[in-house]
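Participant: Pasting a structure below so you can have a look.
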Amino acid sequence: MPSQRAPGSECGFTLLEMLVVVVVLGFLVVGLTQAVRAGLAIWNAQQRRVGETAELDASARVLRSLLTGVAAATPGGFGPGAIAGGQIKGDASHLSFVGDLPTGLGTTRRADMSIELDGPRLVLRWTPHRHEILFGPAPRPTETELIYGLAGLQIAYWGSPAPDQPVQWRQQWDGAAAPQLIRIHLVFAKGDRRHWPDLIVAPEL
């Protein structure tokens, strides 16, 4: 049988019941707060990851655009940093060439360019390509940062700089013709989770 309350007694919750409800609600609020914080942290990390990947993809597209078709450009020149003889000259950590700037990097189409590591930054430096001899001071090159947070840069060249030399990967190039392939390998700082597949470009395409 249902319990009978004494006549005149009031319905309500005891102090113990109220304390239990408050404790349970407190646990729920703490759990929801932690869940929201974890979700925001995951979202922020994902956004940073997407941004870093987009930066690498954009830099890879710029480098591929710059280096593709270099062999078809007009060789030589007298401008600052101009390359005598061939279109491409470089070693394992520095690459110089004459090429066309992508849209957005400058108003000058043809430029003397170099790609190198400056501290933790991979930078592109360029000056307008000149065919005339300059007697004044050389213009200051324009610098564009491509990637930040690097620990090393390794550039290799596939081909033969001279007819009497074998075709193979080389750490230096100074031939009259462009190499058949250029490979750019980036080394990221310790703890950096970004990944850069080696970029291999055929300049003569």
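Participant: Collect the residues in the stretch 156-205 that are in contact (Cβ under 8 Å) with a residue 40 or more places away in the chain and among the aliphatic types (A, V, I, L, M), keeping them in residue-number order.
Facilitator: Of everything in the stretch 156-205, those that are in contact (Cβ under 8 Å) with a residue 40 or more places away in the chain and among the aliphatic types (A, V, I, L, M) turn out to be A156, A176, A177, A178, I182, I184, L186, A189, L199, V201, A202, L205.
Participant: Condition test on I182, is it surrounded by 15 or more Cβ atoms within 10 Å (Cβ to Cβ), of a type in the set (V, I, T) and either in a strand (DSSP E or B) or at pLDDT 90 or above (or both)?
Facilitator: Numbers: surrounded by 15 or more Cβ atoms within 10 Å (Cβ to Cβ): yes; of a type in the set (V, I, T): yes; either in a strand (DSSP E or B) or at pLDDT 90 or above (or both): yes.
When the stated conditions are applied, I182 passes them.
Participant: Can you confirm whether the stretch 142-149 contains a residue that is hydrophobic (A, V, I, L, M, F, W, C), closer than 21 Å to V62 by Cβ, assigned to a strand (DSSP E or B) and touching a helix residue (DSSP H, G or I) at 6+ places or on another chain (Cβ under 6 Å)?
Facilitator: Restricting attention to the stretch 142-149, the residues satisfying the condition of being hydrophobic (A, V, I, L, M, F, W, C) are 146-147.
Within this subset, residues satisfying the condition of being closer than 21 Å to V62 by Cβ are 146-147.
With assigned to a strand (DSSP E or B) added as a condition, the list becomes 146-147.
Checking which are touching a helix residue (DSSP H, G or I) at 6+ places or on another chain (Cβ under 6 Å) leaves us with 146-147.
Yes, the conditions are met somewhere in the stretch 142-149.
The rows are residues; the columns are (1) part of a helix (DSSP H, G or I); (2) modelled with pLDDT under 60; (3) out of contact with any Phe, Trp or Tyr (no Cβ under 7 Å at 6 or more places or on another chain).
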residue	(1), (2), (3)
S3	no, yes, yes
V30	yes, no, yes
N44	yes, no, yes
R48	yes, no, yes
E55	yes, no, yes
A71	yes, yes, yes
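Participant: Out of curiosity, is A111 of a type in the set (A, V, I, L, M), part of a loop (DSSP other than H, G, I, E, B) and without any contact (Cβ under 8 Å) to a residue 60 or more places away in the chain?
Facilitator: Numbers: of a type in the set (A, V, I, L, M): yes; part of a loop (DSSP other than H, G, I, E, B): no; without any contact (Cβ under 8 Å) to a residue 60 or more places away in the chain: yes.
In short, no.
Participant: Can you confirm whether G99 is modelled with pLDDT under 90, under 24 Å from the mean Cα position of the chain (by Cα) and outside any loop (DSSP other than H, G, I, E, B)?
Facilitator: Working: modelled with pLDDT under 90: yes; under 24 Å from the mean Cα position of the chain (by Cα): yes; outside any loop (DSSP other than H, G, I, E, B): yes.
It is true that G99 is modelled with pLDDT under 90, under 24 Å from the mean Cα position of the chain (by Cα) and outside any loop (DSSP other than H, G, I, E, B).
Participant: Yes or no: L205 in contact with a strand residue (DSSP E or B) (Cβ under 8 Å, 6 or more places away or on another chain), modelled with pLDDT under 90 and in a loop (DSSP other than H, G, I, E, B)? Even if it seems obvious, please write down each step before you answer.
Facilitator: Details: in contact with a strand residue (DSSP E or B) (Cβ under 8 Å, 6 or more places away or on another chain): no; modelled with pLDDT under 90: yes; in a loop (DSSP other than H, G, I, E, B): yes.
No: the conditions fail for L205.
Participant: Report, by residue number, each residue of the stretch 102-151 that is of a type in the set (A, V, I, L, M), over 15 Å from L66 (Cα atoms) and modelled with pLDDT of 90 or more. Walk me through how you get there before you give the answer.
Facilitator: To start, the set of residues in the stretch 102-151 that are of a type in the set (A, V, I, L, M) comprises 105, 111, 113, 115, 117, 122-124, 133-134, 138, 146-147, 150-151.
Next, from what is left, pick out any that are over 15 Å from L66 (Cα atoms): 117, 133-134, 138, 147, 150-151.
Hits for the stretch 102-151 are L117, I147, L150, A151.
The values are calculated or read from the model by the stated rules, or taken from the named source; none is laboratory data. These numbers were taken from a predicted model, which means no experiment stands behind them. Because the Cβ atoms are built from the backbone with ideal geometry, glycine has one as well, and the counts that use them run over all protein chains shown.
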